[in-house]
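Read the figures in this text as sums done on the coordinates, not as results from a lab. Owing to the predicted nature of the structure, the values given are computational and were not obtained by experimental measurement. Methodologically, a virtual Cβ is constructed for each residue, glycine included, from the backbone with ideal geometry; neighbour enumeration extends over all protein chains shown.
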Amino acid sequence: MEVRRAFSGSPWEPIVGYCRAVRVGNLVFVTGTAPVAEAGGVHAPGDAYEQARRCFEIIERALHVVDAEMRHVVRTRMYVTDISRWHEYGRAHAERFAENPPATTMVEVKGLIDPQMLIEVEADAVVNGD
């Protein structure tokens with residue numbers, strides 16, 4: 001079975017040894033995606049909604065590389081550093097997945113790779129050939 005990989009160019013990919021997304025057959029797994037700004041650094045420090053929105057933009061870009069779309073996402077996992085801001089992360093999630101809501105989990109974690117990051121998101125997709 002063919003395995004396809006998408007790389008984002010993140011400096012952490014070669015250091016840690018991972019890629020942004022892997023597609024095996026009709027299954028796609030998107031790695032933990034943090035709110036990295038286009039020019040590097042953290043996107044929108046302190047803004048939970050904007051950071052979540054940025055994570056979904058990066059995920060969507062990775063899905064496209066392996067010929068998948070956001071509508072194919074069946075599960076997301078949101079790791080957040082402040083669960084009391086759940087409504088801000090949730091608003092970005094709901095906007096992105098309004099028409100095709102996946103199963104999801106939101107879990108508070110002690111910290112992420114950069115202290116300014118408030119959220120990291122994983123996504124799994126099933127491309128059903130439509």
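Tabulated data
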quantity: Rounded to 10°, Cα long-axis angle of helix 86-96 versus longest principal axis of the chain; calculated: 30
quantity: Amide proton proximity set for V42, modelled H, under 5 Å, gap of 5+; calculated: A37
quantity: Max mean-square fluctuation residue, GNM over the chain, Cα-Cα springs under 10 Å, options G40, G25, G17; calculated: G17
quantity: Simple Cβ-charge dipole of the chain, Lys/Arg +1 and Asp/Glu -1, about Cα centre, in debye nearest 20; calculated: 200
quantity: Net charge of neighbours whose Cβ lies under 13 Å from the Cβ of W12, counting Lys and Arg as +1 and Asp and Glu as -1; calculated: -2
quantity: Candidates M117, M70, M106, ranked by Gaussian network fluctuation over the chain, Cα under 10 Å, top entry; calculated: M106
quantity: Whole-Hz couplings from phi, Karplus 6.51/-1.76/1.60, listed for region 13-30; x for Gly and Pro; calculated: 4, x, 5, 8, x, 9, 10, 5, 8, 10, 10, 10, x, 9, 9, 10, 10, 9
quantity: Using alpha-carbon coordinates, inclination of helix 48-65 to the longest axis of the chain, degrees; calculated: 20
quantity: Span from the region 19-85 Cα centroid across to the region 91-117 one, whole angstrom; calculated: 8
quantity: DSSP-assigned coil residues among trypsin sites (Lys or Arg not before Pro) in region 29-130, each with at most 11 further Cβ atoms within 10 Å; calculated: K110
